[in-house]
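Below: one structure, written as structure tokens.
The numbers here are math on the coordinates, done by the rules we state, and not lab data. Not measured: the values here are computed from a predicted model. Here the Cβ positions follow ideal geometry from the backbone for every residue, glycine too, while neighbour counts run over all protein chains shown.
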Amino acid sequence: MSEAMTLIAQISDLHIKAHGRLSYKKVDTQAALLRVIATLNAMQPRPDKVVITGDLVDFGTPEEYQTLKQALAGLHIPFLLMPGNHDDRQALRDAFPEHHYLQHGETLNWQMRVNGLQLLALDSSVPQKPWGYVDEAQLQWLDEQLAREPQLPTLVMLHHPPFICGIEHMDQQPLRNPAALAEIIQKHPQVERVLSGHLHRSVQARFAGTLACVAPGVSHQVAFDLAENAPANFVLEPPGFLLHRWQPQQGMTTHLCAIGNYPGPWPFYDANGLID
Ligand SMILES: [Fe+2]
């Protein structure tokens with residue numbers, strides 16, 4: 001019998017607003033969250049955990065976190081939270097007191113074990129700033145966690161991706177000290193992925209000997225535009241999420257999954273073989 005599979009769904013950049021308001025006067029982020037929840041609840045096999053890699057709400061208000069909490073009550077899979085640059089640490093903590101892993105320290109870093117996998121979340125948010133940073137104490141904590149069980153496959157997660165992607169207005173609000181993070185990560189080859197959000201697009205890069213992956217937004221996407229001085233625009237392209245599949249003999253694979261219902265599925269084959 002094959003060893004157990006672990007599935008981690010990663011959703012990102014929910015940007016929930018309160019009182020039915022639209023983000024940027026255009027985007028119904030609450031409806032988008034309900035759609036991804038329906039998609040996740042319907043998955044077979046069901047993910048073991050859902051991690052939400054920041055920008056949970058849009059302006060960090062207590063009302064927004066209450067709206068978020070009400071919506072997440074419909075998710076039938078245990079979920080784990082971390083902040084992004086649109087979040088407010090204290091308001092997040094206050095709204096989710098039962099999430100004990102959020103309730104200590106100045107920055108919201110946590111460690112979790114899911115079957116044979118380790119999740120390590122680093123809080124890259126900086127109050128009132130769009131860019132990200134992880135301080136010396138956080139990096140030391142990360143190093144210690146990783147040194148503890150060098151054989152334990154690990155997903156390191158932080159809202160801000162540790163690389164430049166070529167979309168200029170997003171690159172102006174980057175993780176400000178990716179080299180310091182790289183120095184730690186490269187010492188620990190059990191890091192299977194460094195996972196982020198922030199870019200509202202699916203983007204991958206090699207980073208510190210591992211693979212850095214950015215989840216798309218679950219509502220609006222950042223417009224794909226690599227031109228110099230490209231305007232800071234968003235689009236309502238199909239949203240998605242990442243599904244990280246770990247199987248001990250096969251390793252980690254990351255799937256980009258669409259949210260919502262689409263025509264199909266239809267079979268490739270019938271009684272005569274491949275359908276012509
Ligand atoms: Fe965002």
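Amide H neighbours of Phe79 under 5 Å, at least 5 residues apart or on other chains, H built in the peptide plane: list them.
For Phe79, whose amide H was placed from the backbone, the distant partners under 5 Å are Val50.
Please work out how many pairs of lysine residues in the chain are eight or more positions apart (or on different chains) and have Cα atoms closer than 20 angstrom.
5
Over the Cα atoms of segment 1-53, Rg to Rh with Kirkwood Rh, two decimal places?
Numbers: Rg = 14.6 Å, Rh = 12.9 Å.
Ratio value, two decimals: 1.14.
Just to be sure I understand the model, the point goes 7 Å from the Cα along the line to the Cβ. What's the resulting Arg245 to Ala4 distance in nm?
It is 1.8 nm.
Take every DSSP beta bridge with both residues inside the chain and express the antiparallel ones as a percent of the total, to the nearest 5.
55 percent
Specify the inter-centroid distance of segment 203-256 and segment 10-65, based on alpha-carbon positions, in whole Å.
Between the Cα centres of segment 203-256 and segment 10-65 lies a distance of 17 Å.
Residue by residue through segment 14-26, what is 3J(HN,Hα) from phi via Karplus (6.51 cos²θ - 1.76 cosθ + 1.60, θ = phi - 60°)? Round to whole Hz and write x for glycine and proline.
6, 6, 5, 10, 8, 6, x, 6, 8, 5, 6, 6, 9
Nearest 5 percent is fine: what portion of the DSSP beta bridges confined to segment 91-186 is antiparallel?
Expressed as a percentage, antiparallel bridges in segment 91-186 total about 50.
Could you give the dipole magnitude of segment 6-261 about its Cα centre, charging the beta-carbon of Lys and Arg +1 and that of Asp and Glu -1, in debye to the nearest 20? Let's see the in-between values first.
Details: 19 positive and 25 negative charges, 132 e Å.
Here the size comes out at about 640 debye.
Counting only helical runs of four or more DSSP H residues, what would the 222 nm mean residue ellipticity of the chain come to if each run contributes -39,500 (n - 2.57) and the total is spread over all its residues?
-6000 deg cm²/dmol
If N is the number of residues in segment 171-266, what value comes out of its Cα radius of gyration divided by 2.2 N^0.38 Å? The partial results should precede the final answer.
Details: Rg = 15.9 Å, N = 96, 2.2 N^0.38 = 12.5 Å.
In units of the globular-protein estimate, segment 171-266 measures up at 1.27.
Under the classification rounded if a/c is under 1.5, otherwise prolate if a/b is larger than b/c and oblate if not, where does segment 1-130 fall, given a ≥ b ≥ c as square roots of the Cα gyration tensor eigenvalues?
oblate
Let me know the Rg and Dmax you get for the chain when you use only its Cα atoms, in Å.
Answer for the chain, Rg first and Dmax second: 18.7, 64 Å.
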